[in-house]
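Have a look at the structure below before the remarks.
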Amino acid sequence: MTARWGAARRQAREAEFTAFVEATAPKLRRTAYLMCRDWHFAQDLTQTTFAKMYASWGRIRHAANLEAYSRKVLMNVLFDQRNRRSAGEMVLAELPDHAQSGQSDAVENHVALMRALATLPVRDQAIVVLRHWEDLSVETVAGILGVSVSVVKTQNARALSRLRSALGEDFART
Amino acid sequence: MDLRLLFEQALADEPSAAPADFAGRAMAIGRRQRRRRTIVVGGTGAAVIAALGVANLLAPTPVETVPARFASLVNPLCESPAGDTATDLSVFLTADVTDRQRAAVNELLQHDPAAGTVRYESRDQAYAQFKALFSDAPALVTGVDASELPESFRVKLVDGAQADRVANKAKNAPGVDDVINSRCPDGADVTAAG
């Protein structure tokens, strides 16, 4: 009897987890891609994030903002990956060689942006992606990254100013 | 410039193949880990021997792989034509830089034989440029004021091979927050070809 109750409960729990994953996976994978610029790596990051969340699902399933929590797990996985690599080296995918003449301005612009983004410290990349792609509030981003609101504001401004610096004057005209 | 639009364009090459069964795999990994724990905890001699055989089969799939194809940092300016005013080094000062430190950094850069022109950019100038660049995205400009943008020195080098040395020297100076090296590696500089 208890065994069957346990099985039913587990089934409900797995259904709930599956529904959560299906609803949030596409967006999470895109955010992962913007952070690493490689779809295969983004796939791995997304899978790892969900595996970690399932491991503590019983504890977190009733959390107020599971989506924000998933971003926190994702960013921590990313930061961990990066720390495991040599200190000075940046985890960064080799981008396809898009930026050639004949390509549309749109393609050139976004490749330039992704390259410029890649030159920022990884936490600044996270701030830019979470703020300007995911449209999350400063407070939410601060919560995800475990830093203060003022740090998010300052680093965001600095990151944007560096994007401008890296993209150069040409970019401003387009 | 609309960052969100650019991000959307950047996602245009998303593989259209059906996304993997994330949930199924996550749960399988979780179940495997739980089973392994059970085996280890309840390990009588026989169970341990059995587990040794089983453990290999149950070893979690290595999901945290870092693809070997990651390359080193690429400067965007090296891939697209840059303007004449392209800066080689941007030396950003800390928020609480003192007058003396600023003067010392200026001195250090001006007197370096590899430095060509050294231009100081105040917070107000940085803010003016920032506003001009993001003039079509007022949402980005709102909430940012001049005090949040760093002061910097923009350096154009006469000897590009010295970029790393000058960058390191500047980085270690008091009052310097960070140095961004925008030099293109030899042979990758398209400023002339552009």
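Starting from the 7 Å offset along Cα-to-Cβ, what nm value, one decimal, do you get for the label separation of B:S16 and A:V151?
Inter-label distance under the simple model: 4.3 nm.
What distance in nm separates the two pseudo spin-label positions at B:Q125 and A:F79, each 7 Å out from Cα along the beta-carbon direction?
Taking the simple label geometry, B:Q125 and A:F79 are separated by 3.5 nm.
Every read-out reported here was derived from the displayed coordinates using simple, explicitly stated rules and does not represent laboratory data. In this text the structure is predicted, and so the values were computed from the model without any measurement. Here Cβ is always computed from backbone atoms with ideal geometry, including for glycine, and neighbour counts include all displayed protein chains.
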